[in-house]
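Every number here is computed from the coordinates shown, using simple stated rules; none is lab data. What you are looking at is a predicted structure, and each value in this text was computed from that prediction instead of being measured. Cβ sites come from the backbone with ideal geometry, for glycine too, and all protein chains shown count toward neighbours.
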């Protein structure tokens, strides 16, 4: 048995690089960056919350691109990339929502508020969980891959209209309007955020590569099994 | 075969088979009425501000029963082998899509024609305070529903757990249509004028266009076997 688990050299380098970057991101977030005056230690979640949210949107954008390329080229690998990206994107989207909720409780005194960004993220989560449900219902068939690609494209086109409709819906409703005080990050905070986002982006790429590889192997194995059985 | 004639023939076929069996319409309408009655129980016999929830109740009834109707319709098509016929025919797939959208729209409008008066009677609420603007908003909302619904019903038809799958993928995509439809019709029922809800009407038109065009382009990808 090979000790490198059959991974190519660039992927193994990525392993090491990723480990270093995540450690660095943790250091930057917890030790290097100053503690925020008003929110205190709670604000540390910001570095991971924003990075996870960025990854989720990156994942959904990748599904969109991979779906278009798949429909144009009909090469199975793009279908696998889209699916892998969706699994990982939903994971990061879940993390974003949970971390956001944990942060909202001390910061705004509620677990959830129907703010445009929060609600859009929640709707996105549902759209892409739907994508995964569709994938599990259609199996590995070519028809299922096409259906999923279409959903991946329409789902992404839906994002801006969801955002605008939710925003209007909120502004026409009276209630707590929560403005995130985005302006004016302390310099240390900005740098820590950048490191964290870089680490997360690399983690995303890394996971997509690994998941794509494992899914292709599993499909190949299914193919061999089918031919043996016949 | 010219484009419009294809659409006409498919619609005609759907109407004839629907009128003969009432397979989709009957169940859909009954479900919509049941939802109204359940909402009556859920929100109590005496309402404080009915105008806040009226449009919501009506659209919940339309959306849930409409989804059931959709999956019945496409399920029946598949069982009868009609779907295979359409796939194999040389008909333009965009025309097939538009024909199906119109059939689904007709189903939704039938539900609305029955549900709206029923709501007005059961809840003693003037649904059509301004007739034409309200009709316009219901029509635009239904077009949006039919546009995405037809696409997603085709995507999910033939898959395992088809009915559940359709609701799971359809409702999140429908969020912008539902929000705009509920807001616009709700405000019109509460006595606003069309100018007050112009933004929502614009939003509905934009959603309808986006869903119709994107589905029209991609329909042949989901219909082939």
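Overview of results
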read-out: Longest to shortest principal axis, alpha-carbon extents of region A:90-142, angstrom; value: 48, 17, 11
read-out: Sequence-separation-based contact order of region B:98-172, relative, with Cα cut under 8 Å and 6+ spacing, percent; value: 34
read-out: Estimated [θ] at 222 nm from DSSP helical runs (n ≥ 4, -39500 (n - 2.57)) normalised by residues in the protein assembly as shown, nearest 500; value: -28500 deg cm²/dmol
read-out: Segments B:70-83, A:88-101 sorted - mean Cβ within 10 Å per residue, highest first; value: A:88-101, B:70-83
read-out: Scaled radius of gyration (Cα, divided by 2.2 N^0.38 Å) that region A:191-230 gives; value: 1.94
read-out: 0 to 90° range, to nearest 10: angle between helix B:162-189 axis and chain B longest Cα axis; value: 40
read-out: Cα shape, chain A, gyration tensor, a/c 1.5 rule; value: oblate
read-out: Label-zone membership for region A:113-156, site residue A:72, 7 angstrom Cα→C-beta point, backbone N under 17 Å; value: A:149-150, A:152-154
read-out: Reciprocal mean inverse distance between Cα atoms of region A:3-76 - Kirkwood radius, Å; value: 15.7
read-out: Packing-based order for A:26-34, A:219-227, B:102-110, using average beta carbon neighbours within 10 Å, highest first; value: B:102-110, A:26-34, A:219-227
read-out: Average beta-carbon neighbours from other chains, 10 Å sphere, peptide B:195-201; value: 1
read-out: Taking region B:3-223 and dividing mean pair separation by its residue count, relative contact order in percent (alpha carbons under 8 Å, at least six apart); value: 28
read-out: Calculated P(r) of region B:63-144 - Cα pairs past 15 Å, %; value: 67
read-out: Value of D in µm² per second that Stokes-Einstein yields for region B:3-223, Kirkwood Rh from Cα pairs, at 10 °C (1.306 mPa s); value: 89
read-out: For a label point 7 Å along the Cα-to-beta-carbon line of residue A:30, residues of region A:197-222 with backbone N under 19 Å; value: A:197-200
read-out: Relative contact order [Cα under 8 Å, 6+ residues apart], chain A, whole percent; value: 33
read-out: Cβ neighbours within 10 Å from other chains - mean over B:207-216; value: 2
read-out: Principal axis box of the protein assembly as shown, alpha-carbon based, largest edge first, Å; value: 68, 64, 37
read-out: Between helix A:76-108 and chain A: long-axis angle, C-alpha atoms, 0 to 90°, nearest 10; value: 20
read-out: For A:147-155, mean number of other protein chain Cβ atoms within 10 Å; value: 6
read-out: Degrees between helix B:131-156 axis and first principal axis of chain B (Cα, 0 to 90, nearest 10); value: 40
read-out: Average projection area in nm² (convex hull over Cα atoms of region A:17-123, one quarter of hull surface); value: 8.3
read-out: At R0 = 30 Å, FRET efficiency that the Cβ-Cβ distance of residue B:82 and residue B:217 yields, to 0.05; value: 0.80
read-out: Efficiency of FRET from Cβ geometry, residue A:205 and residue B:124, R₀ 56 Å, rounded to 0.05; value: 0.40
